[in-house]
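S.K.: Here you go, one structure.
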Amino acid sequence: MMLPWLILVPLMGGALAWAVQRAGGTAVRGVALAALAVDLALVLAVWSKALPAAGGWLADFARPWIPSLGIGLHLGLDGLSLVLILLTLVLGILAVGASWTEIGDRVGFFHFNLLWTLGGIVGVFLALDLVLFFLLWELMLVPMFFLIALWGHEDRMRAAIKFFLFTQGGGLLMLVAILALGVLAAPSAGLRRFDYFALIGHAPGGVTGWLLMLGFFLAFAVKLPAVPLHTWLPDAHTEAPTAGSVVLAGLLLKTGAYGLLRFAVPLFPAQSHAFAPVAMALGVAGILYGGMLAFAQDDAKRLVAYTSVSHLGFVLLGIYADNRLALQGVVMQMLAHGLSTGGLFMVVGAVQERLHTRDLDRLGGLWASMPRLSAAGLVLALASLGLPGLGNFVGEFLVLLGSWAAAPAFAAIGALGLVVSVVYALTLVQRTFHGPARAAAADFSFGHLAVMAVMVAGLVWFGLYPQPVFDLAGPSLGAVAGTAAP
Amino acid sequence: MGVLAALIPVLPLLGFLMLFLAGARLGARGIAVVGVGSVGIAAGMALGLTAWFLASPVPVEVSAWTWMTVDGFAPRIGFRLDALSLIMVLVVTVIGVLIHLYSAEFMAGDEGYARYFASMNLFVAAMLVLVLAADLLLLYLGWEGVGLCSYLLIGFWYRDPANGRAARKAFIVTRIGDTAFAIGLLLLFTHLDTTDIQALMGRAQGQWPAGAPLAVAAAALLLGGAIGKSAQLPLQTWLPDAMAGPTPVSALIHAATMVTAGIYLIARTHALFDLAPAVRDAVGAIGAATLVLAAFSALSQTDLKRILAYSTISQIGYMVLALGVGAWASAIFHLMTHAFFKALLFLAAGVVIQRLHEEHDIFRMGGLRQRLPLVFWAFLIGASSLAALPLVTAGFYSKDLILWRAWSAGPFGRALWAAGILGTFLTGLYIFRAVFVVFLGPVRTPPRGGIGPAVAVPLVVLSVLALIGGFVETPDFFGGVPALTDFLAPVFPGPPPPGDPGGEAAASIFAALVALAGVFAAYVAYCRRPAMVATILRHPAAEAMRRCWAAGWGFDWLYDRLLVRPLVATARAGRADVIDAGFDALAAFCRQSHAMLSRWQTGQVRWYAAWIGAGTILTVAISVLA
């Protein structure tokens, strides 16, 4: 019963935040924080009341919606959805905190868009009816378009349109694939034509099956992003305001990975298995290509943006390595990347807010005047380069371990990403924090520092004792690995 | 008592956390107390643990928690204390506390005092995790942790971009080796289903016959990690540049402890190397080549710290050579004595450089024997031990054992022995070149200031250790105390080497004479006839050779041309993302098509009428003709 509220609370909070715009920025931010906190409490309540059911499903909600077309309101929460929703809400709260001083214009509308995006993301992680999933998928895009287009930096309009066209193009392919799947699988699915559980195991074979699988794959690959469909990402991440970049990198990319894990692979196990070498090759290409481009950037935000391409390459590699080790690595990589890259965007955003530049040639030596900001940036960069003891290492190592069992060559080439990541992460540290002091400004405030402390604590926790996450996500991944077995 | 072993790394870690979180509020005195104290207590605990372990030498294991459990992959946060790790813990904590004490005075007044001690404490913690880890993945955590601290401390004076460059070079070059190590871990777990070191070695011996391809591959990959960390060919280029860090850092990290982690790794996984004879031979060859090449480079440096850096590469070459002939215990023996005398040399050099206003060039030093007598004696003792002057120095006993074991290891061993003997001559030559130029002759730069007790005590203690540290293991003809070998025997089981006291004595005397010849050559070239070197170098070929040696045999040049520049140029050239150009072309195509089509919508009725007419005619024509 509670599941729809998980989506509705952020949506209502967003509307309320817009409504209280006249009362000032603090009121708006308070409403936004409260809505997300309530939502977080709701998730925890659902979790605490859930009985460990078969297949790892913790909660379920199903109502008919458009029965004549076989579309239902079907939401379900399992361990995988749960960890991703927790990440969504925690990062959402931190993003509101991190943009406390950055946004001064149309504060209410900004938070309306932010909360609606978050609501859409939570919905994506819950939806088990494909049409509903598509609806929520679109719901998270439109407000994000506005976040970039209205509060972004210099070249925001172009970046926003590019972002929209790419994701919309992918979404269109997915919509076609969803409709075709619903129609073609109708006899076996019966009245629940678009229901996840009704469709599993009923994918058509032959060329049709391949085309449908590719429709899903392309939509999710754009979002992930997989090379060569990644080029919207650097523009969007760079131009978005800090909170937008945090949500984009930390959460929106994960919906692509989630889509692959939840839909593309389980719905089309045979095709996915055959397709795995291509997908793994794309993953490895992303790791190396993204890393190399990250190193060469002169714009701090763009550098961080390309590191996402590299990190999500590990995710793609792991999903299609398709064994427990790799899949648990994928989950950990998603969480750790959300924190580390989200955190780096906050650091770079704070630098830009203070110095009005992201140009690495004009930055440098910030350690002298901002030791706390620089130390936070250093720790996050270390997480990004996969230092053992921090979460990203656990994710990347498990992905490589799982990939080694599936395809040693891909794992060995992907492991070169460990070298590349050092090069770009240390380049960022050197050109921003080290070197002669070119610029100086006020250090992190206490609030900012608290946000960073939460992120670093999370990364250390994931790095040294990731077991709770694995226990939670394990049953869902068993289902993924099981369905995808050849 | 075993719990104590797990607590030793925790102390410096707590010190790091205090300094990292509250460093600015502690004040200089508080920072020094926390920084030195945390390592001091760890050293005290290590000594207590040693007493206990000597009484009952049974390895103990402590598991803190299981790191993660996924599908049979269950690495532990667990520690194992045995003879080998105990020796490493002693070296790390005892030398660690001495260098921390030295730093309290040496680094006083630096704006990054808290940052310095935080990084140093974190280093000691990570190094202790490395040597105590019972699980290979935990060892890898310590391994990367020490690499991080090395990076932070090389680039400690971050305002100078050159220091940042040296720091990144160190991290990146060692990370190349580390990646090989990581791939080795993937391979080992996939085929042996565990990462626990003891279990791994047991299963490797049980499942793989000698020379099995998987064993060879795994050993080769671990070797990759070891040569990166221990600055051996071909990944040695980072260490000379690492001298950009503060001198106590060079002493602790880049001489005594971290750079010997590769030796520890191979010794720890020696069972695997026993299964891969080809790799073991490669280990020996790498050691021999490295020790000779680096000794030549040390001979041609003028920067005092770079002389010591190349000397470190060369001495680690001896340890690697020992590993290559299966003389595991003698490698650890030399690791220990080298830690004493090389730390001593660096600490003495640090005082010299600081007293001479950051002067690094030995030819602008001179005559410091009277001005800095304590430092002179410390450096002289360190140099004698490094040059392996017979009987009275620690370095003699450890180097001698390595050479003897190489000599006894068949024809290939004899070849390695020859390289070692050449290295012995060069070592005496290059280090006494430094002694004579820096401390004798005229005063070229007058020193300022004196030294306080925090600097003097470590120099004295390390001087004593550099002299007597070798008596734990003496050859048959001189006491015959195999204490260290016996102590390490449970870790390195195997038949004792065939005894040949006469041959060993002869070999020792020969090696000692070679070392003395090196010192004498230095005396002739730099005291008696200072013009001699200049005369030789007037010959263009000799000068070209000197340049090549001084530049580290051109490895940096080669890597720069072959790898760095092409990769950076490619990355920079493609930084606008060539793939995006494809999408831009698509967008441009859409825009062009739009422009073309919109040109037809002119708003002029006659054009529309003409098109309607043309269309009608065309349609009629098609339908009639078809």
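The values are calculated or read from the model by the stated rules, or taken from the named source; none is laboratory data. Predicted, not measured: the structure shown is a model, and the values here were computed from it. Glycine gets a Cβ as well: all are built from the backbone with ideal geometry, and neighbour counts include every protein chain shown. For accessibility, only protein heavy atoms count, side chains too; no ligands or nucleic acids. Shrake-Rupley method; radii C 1.70, N 1.55, O 1.52, S 1.80 Å.
S.K.: What are the extents of the Cα atoms of chain B along their three principal axes, in Å, largest first?
M.R.: Its Cα atoms span 118, 61, 59 Å along the three principal axes.
S.K.: Return the sequence-ordered ³J(HN,Hα) values of region A:122-129 in whole Hz as given by the Karplus equation 6.51 cos²θ - 1.76 cosθ + 1.60 applied to θ = phi - 60°, using x for Gly and Pro.
M.R.: 4, x, 4, 6, 10, 5, 10, 10
S.K.: So how far apart, in nm, are the two label points at residue B:7 and residue B:567 if each is 7 Å from Cα heading toward Cβ?
M.R.: 4.5 nm
S.K.: Right, here's the next one. Using a 1.4 Å probe on the protein heavy atoms, what percent of the accessible area of region A:1-267 belongs to carbon and sulfur?
M.R.: On region A:1-267, the fraction of accessible area on carbon and sulfur atoms equals 74 percent.
S.K.: Expressed as a whole percentage, what fraction of the accessible surface of region A:269-486 belongs to carbon and sulfur atoms when a 1.4 Å probe is rolled over the protein heavy atoms?
M.R.: 71 percent
S.K.: If you take the Cα atoms of region B:363-435, find Rg, then find the Kirkwood Rh from the mean of 1/r over all pairs, what is Rg/Rh?
M.R.: Looking at region B:363-435, the ratio lands at 1.12.
S.K.: Sticking with this one: Quick one: net charge around residue B:556, please, counting Lys, Arg +1 and Asp, Glu -1 for every other residue with C-beta under 11 Å from its C-beta.
M.R.: Within the 11 Å Cβ shell, the charges total 0.
S.K.: Could you provide, to the nearest whole Å², the per residue accessible area of region B:238-306 with probe 1.4 Å?
M.R.: Accessible surface, normalised per residue, equals 15 Å².
S.K.: Counting only C-alpha contacts under 8 Å and six or more residues apart, can you give the relative contact order of chain B as a whole percent?
M.R.: 11 percent
S.K.: Lysine pairs, Cα distance under 19 Å, 8 or more residues apart or cross-chain: how many in chain A?
M.R.: For chain A, the number of qualifying lysine pairs is 4.
S.K.: Considering the Cα positions of region B:433-532, please state its Rg to one decimal place and its Dmax as a whole number of Å.
M.R.: 20.2, 56
S.K.: Now for a different question. Can you list the residues of region A:344-391 whose accessible area drops by at least 40 Å² going from the chain on its own to the full set of protein chains, with a 1.4 Å probe?
M.R.: SASA drop of 40 Å² or more in region A:344-391: A:367, A:387, A:388.
S.K.: Roughly how far apart, in whole Å, are the Cα centres of region A:116-136 and region B:88-111?
M.R.: After rounding, the separation between the Cα centres reads 57 Å.
S.K.: What's the longest piece of chain B with no exposed trypsin sites (Lys or Arg not before Pro), counting a site as exposed if DSSP puts it in a loop and it has at most 11 other beta carbons within 10 Å?
M.R.: For trypsin sites (Lys or Arg not before Pro) (loop position, at most 11 other Cβ atoms within 10 Å), the longest site-free span of chain B is B:1-447.
S.K.: Tell me which chymotrypsin sites (Phe, Trp or Tyr not before Pro) from region B:594-626 have a DSSP coil assignment and no more than 12 other beta carbons within 10 Å of their own.
M.R.: Sites meeting the loop and neighbour criteria: B:600.
S.K.: Can you tell me what the convex hull of the Cα atoms of chain A projects to on average, as an area in nm²?
M.R.: Projected area, direction-averaged: 20.2 nm².
S.K.: Loop only per DSSP, at most 16 neighbouring Cβ atoms within 10 Å: give me the trypsin sites (Lys or Arg not before Pro) in region A:257-351, ordered by residue number.
M.R.: Answer by residue number: there is no such site.
S.K.: Just to be sure I understand the interface: list residues from region B:120-165 that lose 50 Å² or more of accessible area between the chain on its own and the complete protein assembly, 1.4 Å probe.
M.R.: Residues passing the criterion (a loss of at least 50 Å², heavy atoms only) are B:148, B:151, B:158, B:159.
S.K.: A further question on this structure: Hey, any idea what the orientation-averaged projected area of the convex hull of the protein assembly as shown's Cα atoms comes to, in nm²?
M.R.: Approximately 53.1 nm², given one-decimal rounding.
S.K.: Please say if region B:180-242 is rounded, prolate or oblate, where rounded means a/c under 1.5 for a ≥ b ≥ c the square roots of the C-alpha gyration tensor eigenvalues, and otherwise the choice is prolate for a/b larger than b/c and oblate otherwise?
M.R.: Prolate, because a/c is 1.5 or more and a/b exceeds b/c.
S.K.: Tell me the label-point distance for the pair residue B:536, residue A:449, using the 7 Å Cα-to-Cβ offset, in nm and rounded to one decimal.
M.R.: Distance between label points: 5.9 nm.
S.K.: How big, in percent, is the set of alpha carbon pairs in region A:9-151 lying more than 19 Å apart?
M.R.: Looking at region A:9-151, the distances longer than 19 Å represent 54 percent of pairs.
S.K.: Let me ask another. I need the shape label for region B:485-616. Rule: rounded when a/c is under 1.5, else prolate if a/b > b/c, else oblate, with a, b, c from the alpha carbon gyration tensor.
M.R.: Oblate, since a/c reaches 1.5 and b/c is not below a/b.
S.K.: Here's something else I'd like to know. For residue A:377, what is the net charge nearby, where nearby means another residue's Cβ is under 15 Å from its Cβ and Lys, Arg count +1, Asp, Glu -1?
M.R.: +4
S.K.: Taking the radius of gyration and the Kirkwood hydrodynamic radius from Cα positions alone, what is the Rg/Rh ratio for region B:114-157, to two decimal places?
M.R.: 1.04
S.K.: Within chain B, what's the longest run with no GluC sites (Glu not before Pro) in a DSSP loop and at most 10 other beta-carbon atoms within 10 Å? Give the range, please.
M.R.: B:359-626
S.K.: By average Cβ neighbour count within 10 Å, what is the ranking of A:244-257, B:454-467 from highest down?
M.R.: A:244-257, B:454-467
S.K.: Note down the net charge around residue B:100, summing +1 for each Lys or Arg and -1 for each Asp or Glu among other residues with Cβ under 15 Å from its Cβ.
M.R.: Spelling it out: positives minus negatives among the neighbours equals 0.
S.K.: Related question: In region A:330-436, what trypsin sites (Lys or Arg not before Pro) fall in a loop by DSSP, with at most 15 other Cβ atoms inside 10 Å?
M.R.: A:362
S.K.: Please give the per residue accessible area of region A:1-267, computed with a probe of 1.4 Å over protein heavy atoms only, in Å².
M.R.: 33 Å²
S.K.: Can you bin region A:1-267 into rounded, prolate or oblate? Criterion: square roots of the alpha carbon gyration tensor eigenvalues sorted a ≥ b ≥ c, rounded for a/c under 1.5, prolate for a/b above b/c, oblate for the rest.
M.R.: oblate
S.K.: Then there's this: Probe of 1.4 angstrom, ligands and nucleic acids ignored: what's the accessible area per residue over region B:577-625, in square angstrom?
M.R.: For region B:577-625, the solvent-accessible area averages 86 Å² per residue.
S.K.: Per the Cauchy relation, a quarter of the hull surface: what is the mean projected area of the convex hull of the alpha carbons in region A:269-486, in nm²?
M.R.: Mean projected area of the Cα convex hull: 11.3 nm².
S.K.: Could you pull out every one of the lysines with an alpha carbon less than 22 Å from that of residue B:342, ignoring same-chain neighbours closer than 8 positions?
M.R.: B:229, B:305, B:399
S.K.: Compute the helix-to-body angle for B:2-55: its Cα long axis versus the longest principal axis of chain B, expressed 0 to 90° and rounded to tens.
M.R.: Computed tilt is about 60 degrees.
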